[in-house]
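Visitor: Mind looking over this structure? Questions follow.
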Amino acid sequence: VQLQACGGGLVQAGGSLRLSCAASGSSFSNYAAGWFRQSPGKEREYVAAINWSGVSTYYADSVKGRFSISRDNAENTVDLQMNSLKPEDTAVYYCAADFGYGYGPPQSDYVGYWGQGTEVTVSS
């Protein structure tokens, strides 16, 4: 599975962005998918995850109520709608697929596939 993320950019605090990740490979629909982010000097952290069918989602506390993850298995995409953005959301965002779902926060060490990252900058 290859993942290609897009949609990052510069936005003012309080604004919105939508990230999209396109997957190649027929097995994508079998995997949980999600988004992680990494800020300079920090470890990569989990942001949001969605199970293989799209009926179950999971969010980090820091983004709960502001971000929304969705997927379209017919189109092989997973999106992240980010609202009410804050300067602390500034990071490189990575889409991911193939990791354990339902066992607590996904761990970056156990992700099978990564996208290339898209940069999000939120100005104050």
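The values are calculated or read from the model by the stated rules, or taken from the named source; none is laboratory data. All values reported here derive from a predicted model rather than from experimental measurement. Every residue, glycine among them, receives a Cβ derived from its backbone with ideal geometry; neighbour counts consider all protein chains shown. Ligands, DNA and RNA are stripped out before the accessible areas are found, and what is left, the full protein with its side chains, is counted by its heavy atoms. Shrake-Rupley method; radii C 1.70, N 1.55, O 1.52, S 1.80 Å.
Visitor: Starting from the 7 Å offset along Cα-to-Cβ, what nm value, one decimal, do you get for the label separation of SER108 and CYS6?
Guide: So the label points at SER108 and CYS6 sit 2.5 nm apart.
Visitor: Find the accessible area per residue for the chain; the probe is 1.4 Å, ligands and nucleic acids are left out, and the unit is Å².
Guide: 51 Å²
Visitor: Still on this structure, please answer the following. When the chain is fully extended, how far beyond the present Cα-Cα distance does GLN81 get from ASN51, taking 0.36 nm per residue of separation?
Guide: Working: separation 30, 0.36 × 30 = 10.80 nm, distance 1.67 nm.
Residue separation times 0.36 nm, minus the Cα-Cα distance, leaves 9.1 nm.
Visitor: Next question. Going 7 Å from the Cα of GLU88 along its beta-carbon direction, which residues of the range 35-70 have the amide nitrogen within less than 11 Å of the resulting point?
Guide: Answer for the range 35-70: 61-63.
Visitor: Pairing rule first: another cysteine's C-beta must sit under 4.7 Å. Under that rule, which cysteines of the chain stay single?
Guide: If one checks each Cβ against the other cysteines of the chain, CYS6 turn up with nothing under 4.7 Å.
Visitor: Where both partners of a DSSP beta bridge lie in the chain, what percent of those bridges are antiparallel, to the nearest 5? Spell out each step's value before the answer.
Guide: On the way: 36 of 40 bridges.
Roughly 90 percent of the DSSP beta bridges within the chain come out antiparallel.
Visitor: Under 4 °C and 1.567 mPa s, how fast does the chain diffuse according to Stokes-Einstein, given a Kirkwood radius computed over C-alpha pairs? Answer in µm²/s, whole number. It would help to have the intermediate numbers written out before the result.
Guide: Details: Rh = 14.1 Å.
After rounding, the answer is 92 µm²/s.
Visitor: In whole Hz, what ³J(HN,Hα) sequence does the range 31-43 give by Karplus (6.51, -1.76, 1.60; θ = phi - 60°), x for Gly and Pro?
Guide: So the Karplus estimates, Gly and Pro as x, are 10, 5, 9, x, 10, 10, 9, 9, 9, x, x, 10, 7 Hz.
Visitor: With every protein chain in place, what's the accessible area of THR121 (1.4 Å probe, Å², nearest 10)?
Guide: 50 Å²
Visitor: Taking every alpha carbon pair in the range 21-65, what does the distance histogram look like in 10 angstrom bins from 0, in percent?
Guide: That works out to 24, 45, 26, 4, in percent per bin.
Visitor: Can you tell me the dipole magnitude for the chain around its Cα centre, using point charges on the Cβ only (Lys, Arg +1; Asp, Glu -1), in Debye to the nearest 20? Present the calculation step by step, with values, prior to reporting the outcome.
Guide: On the way: 8 positive and 11 negative charges, 40 e Å.
My answer is approximately 200 debye.
Visitor: Distance from a point 7 Å along Cα→Cβ of GLN116 to each backbone N in the range 1-19: keep the residues under 11 Å and list them by number.
Guide: Flagged as within label range: 3-6.
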